[in-house]
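Accompanying notes for the structure given below.
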Amino acid sequence: MRLESILKRAPAVAVLALGTSLAAAAPTCDRACLKGHMDAYMAALAKHDPAGLPLAKNVRFTENGAEIPIGTGGLWITYNHSLTYRHDVIDPETGGIASYFAIVENKVMPFNDLLLVRLKLARGRITEVETVVNRHTRTVDNMETISPSWLEDMEAIEPPATRLTRAQLIEASLGYMRSIAFHDGKLAPYAKSCMRLENGNITAIGADDVYPVKTKGQPPISTDTVPGYPAPAPPPKLMGVGCGDEQLGTTAYSFITGFHDARFPIVDVERQKVYSTFDFARRGDVETWTYEGSTYPMWEAMRYPNEILNTEIFKFRNGQISRVEAVFTGPQAYLRGTGWPGGSKLVQRPRP
C-alpha cells in the first residue's frame, strides 16, 4: 500500500513532538564523519575507556533504558569485541548515526549479543548515546552477511521523485507500529517483498524472498511454537510469511495492545532508512487467540502487564517498507518507557 493511502487512515503526527526537529545550523559532520565517530566509539568501548571520545560535558548514556554515567557500567565493563555484522543509519542533517552490531560480551565465559547504538553529535561533541542490547542471542551465528538492501545506494535504483521526505518516512514508520498494535496490515505501506528480523530471527519473509542472513546451526525462519498451539501438531505458518495482512490479519500478535514513547531520532533520507525506539505495550488482558476457527490460550508471558523496549530500523523502496530489523529487550514493567524523554503518548487498541 502506498503512503498516500496510509495518511488518509492514520492521524497526522506532529514531527516536533517526536523529537525530530532539525538543527538550525548547517551540519558540520557528513556521512563519513559520523561513521568515523561510531568507529571511534566502538574502539573506546573495546578499551573500556571513553576518555578519548569528544564527549559533551552533559553527555547522556543509557543501556536498555537505564541511565548510567558513561564508562562506569554496562557494556563499558563487559564488552569484548564486535563480529562482522554491521550496518548504519546516518543522518547528517541532524547529526546522528545508529549502528547495528553483532558482538561478544565477557572474556572468560563469552557469549553473543545483538546491539544497536545511537550517537547524537552537536558542535563536534557527542551529547547522547543510546544503546539497546539483546544478550545471549542464539542467532548471532546466522549474522555473517548483511542483506544488500541495507547497503544499497538509492541513486542507482530509485529516482528522487519517488523517494519519501523526512516527514513521510516518519509517518510510514509510525504506521508500522500501528499495524502491529491493531493487527491490521493495511495501516502501514508494506511492500510485497518485505522481510523482518527480530533479534536475529527471521519472523517475516515473503514466498519469493531470499533469506537475508546465512544459517549456521539455527533454522532460517523462526520455528517457535505459536501461542497456545497444541503439541505435537506443527505450528501454523505465521512466522514465515510477509510483513502485512497475511501475518497481521491473524490474531497471533493480539497480545500487543499498544505502543508508546515512539521516537524517530535518525532519518536517513538519502538511503531511505529510519531508526526508531519505542515500547510495544501488553495490557495482559488478551488471554486467548483464534486461528482457523479454533481458540487457544495466549502465552503465559503475554497474559500480564508488561512491555518490550524496541529499537527498529526500517528500509523503504518506492515508498513502501521492504525491510525491518529489530533489537529488543524485555519484558519490562508496563509503561516503564525507553528512558528518553519526548516520545509519543500511549496509543492502544480498545479493550474488548
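The rows are residues; the columns are (1) closer than 18 Å to T94 by Cβ; (2) crowded, with 18+ Cβ neighbours inside 10 Å; (3) of a type in the set (D, E, K, R).
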site	(1), (2), (3)
F259	no, yes, no
P265	yes, yes, no
K273	yes, yes, yes
N310	no, yes, no
Handout entry: Given (1) within 18 Å of Y85 (Cβ to Cβ); (2) in a loop (DSSP other than H, G, I, E, B); (3) modelled with pLDDT of 90 or more, number of the condition R196 does not satisfy
Key = (2)
Exercise for the section: State whether the residues of the stretch 27-44 include one that is out of contact with any Phe, Trp or Tyr (no Cβ under 9 Å at 6 or more places or on another chain), surrounded by fewer than 18 Cβ atoms within 10 Å (Cβ to Cβ), modelled with pLDDT under 95 and under 27 Å from L151 (Cβ atoms). Expected result: yes
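Could you check the stretch 114-143 and list, in sequence order, the residues that are of a type outside the set (K, R) and more than 19 Å from the chain's Cα centre (by Cα)?
Going through the stretch 114-143, the residues of a type outside the set (K, R) turn out to be 114-117, 119, 121-122, 124, 126-134, 136-137, 139-143.
Hits for the stretch 114-143 are L121, A122, G124, I126, T127, D141.
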Exercise for the section: Filter the stretch 70-97 down to the residues that are in contact with an Asp or Glu (Cβ under 7 Å, 6 or more places away or on another chain) and in a strand (DSSP E or B), then identify the one that is surrounded by the fewest Cβ atoms within 10 Å (Cβ to Cβ). Expected result: T84
Exercise for the section: Output yes when any residue across the stretch 234-241 is crowded, with 18+ Cβ neighbours inside 10 Å and modelled with pLDDT of 80 or more, and no when none is. Expected result: no
Practice task
Starting from residues that are of a type in the set (F, W, Y) and over 14 Å from the mean Cα position of the chain (by Cα), keep the ones in the stretch 317-346 and report whichever is surrounded by the fewest Cβ atoms within 10 Å (Cβ to Cβ).
Solution key: Y334
Exercise for the section: Give the number of residues within the stretch 102-151 that are part of a loop (DSSP other than H, G, I, E, B) and free of Cβ contacts under 8 Å to residues at least 24 places away in the same chain. Expected result: 2
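Any idea which residue in the stretch 297-308 is surrounded by the most Cβ atoms within 10 Å (Cβ to Cβ), counting only those that are in a loop (DSSP other than H, G, I, E, B) and free of Cβ contacts under 8 Å to residues at least 60 places away in the same chain? It would help to see each step written out before you state the result.
Taking the stretch 297-308 first, the residues in a loop (DSSP other than H, G, I, E, B) are 298-299, 303-305.
Restricting the remaining residues to those that are free of Cβ contacts under 8 Å to residues at least 60 places away in the same chain gives 303-305.
Details: R303: 18, Y304: 12, P305: 14.
Checked the stretch 297-308; the qualifying residue surrounded by the most Cβ atoms within 10 Å (Cβ to Cβ) is R303.
Within the stretch 83-118, which residues are polar (S, T, N, Q) and at pLDDT 95 or above?
In the first step, residues of the stretch 83-118 are kept if they are polar (S, T, N, Q); the result is 84, 94, 99, 106, 112.
T94, S99, N106 - these are the residues of the stretch 83-118 that are polar (S, T, N, Q) and at pLDDT 95 or above.
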Fill in the blank from the handout: The one condition I313 fails out of (1) part of a loop (DSSP other than H, G, I, E, B); (2) at pLDDT 95 or above is (1)
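Table: residues versus (1) of a type outside the set (A, V, I, L, M); (2) part of a strand (DSSP E or B); (3) more than 20 Å from P350 (Cβ to Cβ).
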position: F255; (1), (2), (3): yes, no, no
position: R263; (1), (2), (3): yes, yes, yes
position: V267; (1), (2), (3): no, yes, yes
position: E270; (1), (2), (3): yes, no, yes
Problem - Among (1) more than 28 Å from L151 (Cβ to Cβ); (2) outside any strand (DSSP E or B); (3) in contact (Cβ under 8 Å) with a residue 60 or more places away in the chain, the one test that T338 misses - result: (1)
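The values are calculated or read from the model by the stated rules, or taken from the named source; none is laboratory data. Note that the coordinates shown come from a computational prediction; the quantities given were computed from them, not determined experimentally. Because the Cβ atoms are built from the backbone with ideal geometry, glycine has one as well, and the counts that use them run over all protein chains shown.
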